[in-house]
Amino acid sequence: RGERFAVYTPLDLLDSKQKRWYIVNVVPTEVITQSTTQMVGNSLMTNLLVLGATIFSILIIIILERRNNAQREREMEKLSISEQMYRVAMAQSNKEIFRYDIATKTSYRESSDSDCFGLPKVTHNIPESILELQSEASRADSLAFFEKIRSGKPTASVVTHMKDGDGNWHWIHADATTIFDNNGKPVQAVVTYYDVTEQREKEIITEKWKN
C-alpha cells in the first residue's frame, strides 16, 4: 500500500473525565514529496524568470546606451565639420567670431591673437567689462543685446560705437545666434562682429543732410 505520513493533533476537552481525543491526518508520502518538489520547482522557476527579466533589461540598457553613444559621436562629428566650415568662411571674410558662455558671461575667441580692440582670447564679465570701450550712447544698446541672449532670444543684433587699442573709434555690427540645451535653456551664443564704420558714417552724413 506504500508509506503514509501521519499528523496527530490532540484535543483538550473541558470534561477531564472523558478520554483524550486526537485528530489524525494521514497523507501518502508521495503527496508530500510531490508537493515539496512542486514548491521547489515553482520557486526555481520564479527565480529563473526574475533572473531572465533582469538580464534582458540589462541587455536593453546596453543596446540603447551604445546607440546613444553612436548617435552622439555622429552628431559631434557633424558639429566638428560644421565648425571647420564656419571657421573657413569667417577666415575668408572680414568678420570676427567668438563664443559666449551665458552662465559665466565669458567670451572665447578662436584666434590666439587679440582683436583690433585689444581684447584677449578669453574675456570675462561680458558685457560689463567692455563698456568702457564703447561710447555712452552705445552702452544701453550693448547691454540690451546681451540681455536678449541671456533671456533666450534665438537671434540678436546690435550696432555699437567702440574705440580700438589706438583710441580710434569704429562702428561695429554684431549678430548673435543662441544655442540651447536639450531642456530648451540658453547656454551659449555664437557672436560675429565686423567693422561698418564707412557705411555708418555715410548714413550719419545722409541723416544730417536730411535734417
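Scoring Arg87 on the criteria (1) open to solvent by 50 Å² or more (accessible area, probe 1.4 Å); (2) touching an Asp or Glu at 6+ places or on another chain (Cβ under 8 Å); (3) at pLDDT 70 or above; (4) among the charged types (D, E, K, R) leaves a single failure, condition (3). The strands (runs of 3 or more DSSP E) found entirely in the range 97-194 that carry 2 or more residues being modelled with pLDDT under 95 and within 27 Å of Arg72 (Cβ to Cβ) are 106-109, 169-180. Scanning the range 154-178 for residues that are surrounded by 15 or more Cβ atoms within 10 Å (Cβ to Cβ), under 31 Å from the mean Cα position of the chain (by Cα) and not hydroxyl-bearing (Ser, Thr, Tyr) yields a total of 5.
Of Arg139, Arg200, all but one fail to be farther than 17 Å from Lys105 by Cβ and basic (Lys, Arg); the exception is Arg200. Pairs are defined by a Cβ separation below 9 Å, a sequence spacing of at least 6 or placement on different chains, a first member in the range 141-166 that is more than 12 Å from Phe180 (Cα to Cα), and a second member that is of a type in the set (S, T, N, Q) and part of a helix (DSSP H, G or I); the pairs so defined are Val158/Ser138; Val158/Ser142; Val159/Ser138; Thr160/Ser138; Thr160/Ser142; His161/Ser138; Met162/Ser138; Met162/Ser142. Residue count for the range 116-153 under the criterion of being acidic (Asp, Glu) and either crowded, with 19+ Cβ neighbours inside 10 Å or more than 32 Å from the chain's Cα centre (by Cα) (or both): the result is 2.
The values are calculated or read from the model by the stated rules, or taken from the named source; none is laboratory data. Model, not experiment: these values are computed from the prediction. When we count neighbours, we look across all protein chains shown, and the Cβ atoms used for this are built from the backbone with ideal geometry, even at glycine. Remember, those area values only see protein heavy atoms, side chains included, never the ligands or the DNA or RNA. Shrake-Rupley method; radii C 1.70, N 1.55, O 1.52, S 1.80 Å.
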